Amino acid sequence: MAQKAEIRSNLPAKIQTTLSNFWSMSLIFSILMILLRAIEMILIFNSHTIRVTFLEVIGYSLFEDFNWILYFLGLLFILHVVNSLVSATLAKRFTQVWLVIALLAQSALVFYFLKTLVPLGKDLFAYNIDDIIITVRSSGQLNFMTIGGGIVFSALIFFIFNIVNKHLIFKTKTSMVFTITMYWFLIFIYFIPFSDSNKLNEVKANIQLNKSKYLSEQSFDYFMYSGEYYFDFYLRSLNEALFVKKEFIDPTYPFLHTADYPDVLSPYFDSLSSPPDIVFVLIESLGKAYSGKDAYLGSFTPFLDSLESHSLVWTNAISSTGRTFGILPGLFAGLPYGQRGFLELYEDYPHHESLLSILKENDYETSFFLGTDASFDHQEEFLENAGLSELIDIQGFDPKYEKMASNTGFSWGYGDKELFKNGLSFFPKSDGKPQLGIFQTITSHDPYLVPEREFYSVKFEDHLENYLNLSEAKKTEYRDYQNIYMTILYADDAVKDFITSYSKKPEFANTIFVFTGDHRLPEIPMASRLDRFHVPLIIYSPLINRPTYFKGMTSHFEVTPSLLAFLQAQIGIQLPEQEVWMGQVLDTSRVFQSKIAMPLMRNKNQLLEYLNGEYFLSDDQLFVITDGLNIDPVEDQNLKNKLTGEFEDFKNKNNYTIQTHKLLPVD
């Protein structure tokens, strides 16, 4: 009897210790999470020019944090109690470890957001570990200071937890009140969810997110639903108002179609007497916001601006993805996205054609030049699959060229000026064959370390004063992003040197140049959800006889079909009878209109946007698009249902292609 009485007398003490340990640590955890939010807010408003105020975001931000704290502690409490049945010490240590991990994760996610203004989501799982390491090393975030700081921070938090466990002791009744209150709030939030009334401002919405909560939700969605596929789709044309009427011909190949892609470029060119050389210049992170006519941030590409008066220019052009991974399959082949971008199907690409493969079949030499490692994002595999004649990447540079500066010992590779100089030693060739050359730049990529820094610091200030004519107050805003803008100025100078050198070659007179960006960079706050895709698109050539600005909306998907139709009309190249191009043709309207329909992949794993004509669906919200690619919310449930149905139809076709690899039949 005495032994049983002793057991009963120890049980209340054990319960009190278990609950008190949990809630004393949870209180400190909650305070530190709120402190991290305060630090996040201070750093955001000090390092970025944001068009929202602190008071506009702080209320819902704290609600997001409170929401995440409750969810996390609610789950951890269950595990803490289960572990306490084995040992109170085990329960305490287990909970300490997970609280520290949660704080470290939140800190890392906050600093990632501070750099990119984009929260980390399921796109984390779209990259292999090698690509992640390369990206982190290049950014300068993985160094002795950050690793050492993380270790010190962890040790300090463990120390604080042990102190509060000894000195902050709650009675059982108090702990039970905390526990019951926590779960009541969780139930209340679940059944009566709150949301910000203004979700249209993407920057504001991203700031308010609890970054750990967002990543956990995205991770859950990725692991629970990414393997589910539905193949219910229809072989139908989307809209009679689109430029090209596609006739889909085989349900087992849902993207396969026949169509008449009209030649829209010949009216602006002299008649060709021989096949022209074609040169693409793909400029890293070149968004329309800071390049060309009507750039709302002012143009930082004075040379490209000067080319516009001799070129065909589309002021309302978009990329197909919000990151670099989409430019090759989008621009040169108009391909669907796969699950994480078409390049991720590299182990066994579905059979397809591209601008490179078709021109090679028509006796063109094809070359690709970049200053980085072509294996990143599996670009090399895509190019080899297209039958590329020559690939010169980081391994193919003359020793006389120096790599870009680095603040961590790691460099992406060679700067843009070195890229063009090295490339011109290989291209164009003098073997009598027509040539396709592609140059892809890298300098205007994080960490934005510009070569010749002193020179470009002076040039940046001169550009603000004499090219943009900014006031002193405005200059201060631009200086927040000086490193970024300097790399854009540098890239523009590199293009200037390239065209100047190329113009001295005899092949120049019969060459067509295409300039575009892969996406707009996210570090400078974006004006809208469509802004990340808005890029310059310029076709420049001595062969152009009618330089023109076009306002018709177009995309990277339209470039290859338009060039091929032009070459077929001018020099009679042979084209396949059946295609899988997702695009239309370049819109040469001088007033704004949109006759394209396409999905947009924001990041790897994030297929969240779709547009048809002048309407844009993003995160289940409908917008109308106007000139300059401005978007305004619109309420039209029937139209929203229509676009949602088309979007789901595309996703089903896309998923079917992932599973079956049936894209284009093999001859």
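The values are calculated or read from the model by the stated rules, or taken from the named source; none is laboratory data. Since the structure is predicted, the reported quantities are computational estimates derived from the model, not experimental observations. Neighbour counts are summed over all protein chains in view; Cβ atoms, including those assigned to glycine, are modelled from backbone coordinates with ideal geometry.
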**OP:** Being of a type in the set (A, V, I, L, M), farther than 19 Å from Asp263 by Cα and assigned to a loop (DSSP other than H, G, I, E, B) is the filter here, so list the residues in the range 584-604 that pass it.
**Re:** Val591
Original post:
Mind checking which residues of the range 257-298 are within 24 Å of Gly517 (Cα to Cα) and part of a strand (DSSP E or B)?
Top reply: Phe269, Asp277, Ile278, Val279, Phe280, Val281, Leu282, Ile283
Subject >> Unmet requirement for Ile31, which otherwise passes all of (1) modelled with pLDDT of 90 or more; (2) among the β-branched types (Val, Ile, Thr); (3) touching a helix residue (DSSP H, G or I) at 6+ places or on another chain (Cβ under 9 Å) >> reply: (3)
**OP:** Tally the residues that are touching a residue at least 24 places away in the same chain (Cβ under 8 Å) and outside any helix (DSSP H, G or I), restricting the search to the range 13-72.
**Re:** 5
**OP:** Quick one: Thr476 ticks every box in (1) at pLDDT 95 or above; (2) surrounded by fewer than 18 Cβ atoms within 10 Å (Cβ to Cβ); (3) polar (S, T, N, Q) except a single one, so which number is it?
**Re:** (1)
Original post:
In the range 35-63, how many are of a type in the set (Asp, Glu) and within 25 Å of the chain's Cα centre (by Cα)?
Top reply: 1
Original post:
Using beta carbons and a limit of 6 Å, which pairs, at least six apart or on different chains, have the first residue in the range 639-659 and under 14 Å from Thr252 (Cα atoms) and the second one of a type in the set (S, T, N, Q)?
Top reply: Ile658/Gln339
Original post:
Which ones in the range 175-195 are within 15 Å of Phe77 (Cα to Cα) and without any contact (Cβ under 8 Å) to a residue 24 or more places away in the chain?
Top reply: Val177, Ile180, Thr181, Trp184
Original post:
Looking at (1) modelled with pLDDT of 85 or more; (2) farther than 21 Å from Leu186 by Cβ, can you tell me which one Met1 breaks?
Top reply: (1)
Original post:
Residues in the range 186-199: is at least one under 30 Å from Ile625 (Cα atoms), modelled with pLDDT under 70 and within 24 Å of the chain's Cα centre (by Cα)?
Top reply: yes
**OP:** Check Phe508 against each of (1) touching a residue at least 40 places away in the same chain (Cβ under 8 Å); (2) more than 30 Å from Ile44 (Cα to Cα) and name the one condition it does not meet.
**Re:** (1)
Original post:
Is it fair to say Leu32 is more than 27 Å from the chain's Cα centre (by Cα) and either on the phi > 0 side of the Ramachandran plot or in the same structural domain as Phe94 (by TED's automatic domain parsing) (or both)?
Top reply: yes
Subject >> Leu304 vs. criteria modelled with pLDDT of 95 or more and either crowded, with 22+ Cβ neighbours inside 10 Å or part of a loop (DSSP other than H, G, I, E, B) (or both) >> reply: yes
**OP:** Show the residue pairs that are 6+ apart or on different chains and have beta-carbon atoms under 7 Å apart, the first residue being within the range 563-589 and of a type in the set (Gly, Ala, Ser), the second being in a helix (DSSP H, G or I).
**Re:** Ala569/Ser266; Gly583/Phe557; Gly583/Glu558; Gly583/Pro561
**OP:** Report yes if Thr500 is within 25 Å of the chain's Cα centre (by Cα), among the hydroxyl-bearing types (Ser, Thr, Tyr) and farther than 30 Å from Phe111 by Cα, otherwise no.
**Re:** no
